[in-house]
Amino acid sequence: MSFVVTALPAEAFRPLFGLSDEALAERGVIRRTVDARPGFPCRVSLEDAEPGETVLLLNYEHQSADTPFRASHTIYVREDGPQAALAPDEVPQLFRHRVMSLRAFSEAGMMLAAEVAPGAELEPAVERLLGKPDVAYLHAHYAGMGCYAARIDRA
């Protein structure tokens, strides 16, 4: 089954770029300078940020459905990083060296199933979950920290 991984849209975060640390703090956002690679996975570029770059650390509501599975968690966003646009069946490289948690949701936002898989072996898990007829979409999370990574849909 063909699938597509979708990054968060840069437009959602542009108003934060270039703000002072104080203005960011008023919004609950922290600017960090990247000091290691990997370690700062950007949810817009779907790339690990490079040492010396700045990223914004913020809470993001990735599951807005009005269900018990409504959820938000911490994410990193590179300031002025490129917008990812992945081809069908393309898995971002930053997933490949991490253990990923896939959560399958119904159209109404109810979690129906979940799997944990090494990023190097992600495709079979994606195909199993999207192969369930009642599954509308998947959320990928970094299993270690539990942070939201990206959305996965049928292509």
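FYI, it's all coordinate maths here, none of it is from the lab. Treat the numbers as computed from the prediction; the structure is a model and nothing was measured. Heads up, the Cβs are rebuilt from the backbone with ideal geometry, glycines too, and the neighbour counts pull from every protein chain shown.
Across region 129-140, in residue order, what do the Karplus-derived ³J(HN,Hα) couplings come to in whole Hz, using 6.51 cos²θ - 1.76 cosθ + 1.60 with θ = phi - 60° and x for Gly and Pro?
For region 129-140, the Karplus-derived couplings read 5, 6, x, 7, x, 8, 7, 9, 6, 10, 10, 9 Hz, x marking Gly and Pro.
Could you run the Karplus curve 6.51 cos²θ - 1.76 cosθ + 1.60 with θ = phi - 60° over region 102-109 and give me ³J(HN,Hα) per residue in whole Hz, x for Gly and Pro?
Karplus values, whole Hz, x for Gly and Pro: 10, 10, 9, 10, 7, 4, 7, x.
Scan around L112 for amide H atoms under 5 Å from its own, H built in the peptide plane at 1.01 Å from N, and keep only partners 5 or more places away or cross-chain.
Here A104, F105, S106 satisfy the definition.
Long-range amide H contacts for A149: which residues qualify at under 5 Å (H placed 1.01 Å from N, peptide plane, sequence gap of 5 or more or a different chain)?
Under 5 Å from the amide H of A149 lie the amide H atoms of A140, H141, Y142, each far enough along the sequence or on another chain.
Would you grab the residues whose amide H sits under 5 Å from the one on V99? Only those 5+ places off in sequence or on another chain, please, with H modelled 1.01 Å from N.
Amide H neighbours of V99: G119, A143, G144.
For a quick check: sort R78, R154, R103 by the number of other beta carbons within 10 angstrom, fewest at the front.
By the 10 Å Cβ count, ascending: R154, R103, R78.
What is the packing order of peptides 42-51, 133-142, 105-114, taking the mean over residues of other C-beta atoms within 10 Å and listing the highest first?
42-51, 133-142, 105-114
Simple spin-label model, 7 Å along Cα-to-Cβ: D35 to R128 in nm?
3.9 nm
Out of every Cα-Cα pair in the chain, what percent are more than 28 Å apart?
Pairs farther apart than 28 Å: 19 percent.
Extension gain T67-E11, at 0.36 nm per residue separation less the Cα-Cα distance, in nm?
17.5 nm
Please list 3J(HN,Hα) in residue order for region 4-19, calculated via the Karplus relation 6.51 cos²θ - 1.76 cosθ + 1.60 where θ = phi - 60°; whole Hz, with x for glycine and proline.
Residue by residue, region 4-19 yields 9, 9, 10, 7, 6, x, 4, 4, 5, 10, 3, x, 8, 5, x, 5 Hz.
Suppose every K and R has +1 on its Cβ and every D and E has -1 on its Cβ; what is the size of the dipole of the chain about the Cα centre, in Debye to the nearest 20?
Magnitude of the dipole: close to 260 debye.
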